[in-house]
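Input: a single structure, listed below in structure tokens.
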Amino acid sequence: MANIAMQRIRREFKEVVRSDEQSIKLELQEDNVLSLTGYITGPEKTPYEGGRFHVQITIPETYPFNPPIVKFTTKLWHPNISSQTGVICLDILKDQWAAAMTLRIVLLSLQALLSAAEPDDPQDAVVANQYKTKHSLFQQTARFWAQTFAGAPGPLNPDFQKKIDKFLEVAPRADRHTAIQQLSNFDWNIDKAIEDVYKSD
Amino acid sequence: MPETDDKSEDTATFECNICLDTAKNAVISMCGHLFCWPCLYQWLETRPQGQVCPVCKAGISRDKVIPLYGRGGSKTDPREKLPPRPQGHRTEPEADYAGPGGGHRYVFGDNPHFLSFGIGAFPFGFFASSFNLAGGAGNPMEHQHRDAAGPADHQMQDQLVSKLFLWLACIFLLWLLMA
């Protein structure tokens with residue numbers, strides 16, 4: 001039955017290429033039809049604006065009767081996306097999938113998810129908690145991540161940068177990604193972030 | 001795998017919503033969405049519970065789809081291991097001969113008033129209905145359906161049933177006279 005999957009992907013691929021939508025893009029990975037890379041741009045008026053986010057799409061043999069397996073490979077600060085692994089919590093990629101949905105719809109839905117988070121159905125509890133209790137800090141953090149990892153424009157938050165530098169001085173074995181992750185997890189409280197690193201060592 | 005790239009808008013209207021190819025063994029849901037029967041069958045098999053239309057998520061089931069019979073299709077149809085498409089359901093047109101046509105329905109009723117009416121009107125009702133079937137000119141749907149379900153079979157069956165009723169009515173009448 002992989003035949004129907006391959007045929008569908010070929011058609012869908014053409015559909016996305018032809019549709020000429022600027023905000024989404026689809027690429028084949030090394031001529032393997034069942035493994036693709038998708039790109040979406042961050043929606044306007046969100047912390048993700050101007051960023052370019054990559055998703056890895058794996059097509060199961062039973063596609064389109066089962067949903068594609070999609071995860072972000074660009075690091076992202078969002079309640080419904082794991083900040084560590086990029087795993088996405090989105091109903092249409094699980095039980096709400098329908099066989100008539102296409103990769104184009106999946107990409108557009110991911111874009112919509114960036115505009116409208118569902119903090120009550122979180123994938124990343126830490127991010128969801130920050131989203132609900134310290135929303136302005138959440139927005140600054142999400143923006144900082146989009147600028148750092150997805151190439152979103154604009155000057156980086158100087159306060160955050162200072163904290164990252166300080167973190168790296170105290171914990172020289174950590175890299176910059178770890179520093180950002182740790183500080184974000186602890187609402188940019190540098191003492192708690194460093195304490196946690198040493199605790200886990 | 002045939003590459004049908006430069007399709008016109010016209011054929012795209014008849015693409016299966018699941019395989020995105022021109023629908024084969026087409027069925028249509030009550031919500032109006034078109035699928036190949038093998039595609040839809042597999043979708044329904046994937047989700048035995050909570051079956052929904054793959055397009056609009058309206059309720060859907062094996063019994064709630066209508067097969068589409070185009071001209072000339074479905075003869076070389078390799079239905080493989082899949083169960084055949086569900087049958088079409090034919091709704092009778094509303095009868096425009098109100099009284100006597102309904103006669104034979106009351107023949108065996110309990111109510112003696114209807115009984116006598118039914119028997120009296122029966123022959124007329126029989127002729128009216130058989131004339132209507134044979135005339136057929138105002139009823140193109142009937143012809144289409146026969147094409148799909150085996151020609152003339154339907155008509156013969158109808159006639160047989162009518163004759164059977166006539167005989168039963170006669171026997172009943174005799175019995176009434178004897179009693």
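Readers should treat all values here as calculations from the given coordinates under stated rules, not as data from a laboratory. Everything numeric in this text was worked out from a predicted model, so none of it was measured. Cβ coordinates were reconstructed from backbone atoms using ideal geometry, including for glycine residues, and neighbour counts include every protein chain displayed.
Check every DSSP H run in chain A and write down those whose alpha carbon atoms cover 24 angstrom or more along the long axis and whose mean Kyte-Doolittle hydropathy is -1.0 or greater.
Values: long enough: A:2-19 (25 Å, -0.61).
Counting only whole DSSP H runs, the qualifying helices are A:2-19.
In whole percents, the pair-distance distribution calculated for chain A from its alpha-carbon pairs, binned every 10 Å from zero, is 9, 33, 31, 18, 8, 1.
If each residue of separation counts as 0.36 nm, what is the full-extension length gain between A:Q29 and A:I92 once their alpha-carbon separation is subtracted?
Working it through step by step, the gained length comes to 20.3 nm.
Between B:L176 and A:K14, the distance separating the two model label sites (each 7 Å from Cα on the Cα→Cβ line) works out to 7.1 nm. Using a Förster radius of 41 Å, what is the FRET efficiency between B:F14 and A:Q139 based on their Cβ-Cβ separation? Nearest 0.05, please. Computed FRET efficiency for B:F14 and A:Q139 comes out at 0.30.
Rg over Rh of the stretch A:2-115, using C-alpha atoms and the Kirkwood radius, what does it come to? Intermediate results must be reported in sequence, preceding the final value.
Values: Rg = 13.4 Å, Rh = 14.2 Å.
Checking Rg against Rh, the ratio lands at 0.94.
Here the stretch A:88-122 and the stretch A:1-75 have alpha carbon centers that stand 13 Å from each other. Seen through its C-alpha gyration tensor, with square-root eigenvalues sorted a ≥ b ≥ c, the stretch A:125-200 comes out oblate because a/c lies at 1.5 or above while a/b is not bigger than b/c. Using a cut-off of 20 Å between Cα atoms, the listed pairs A:K71/A:K134; A:K71/A:K166; A:K25/A:K75 include A:K71/A:K134; A:K71/A:K166 as exceeding that distance.
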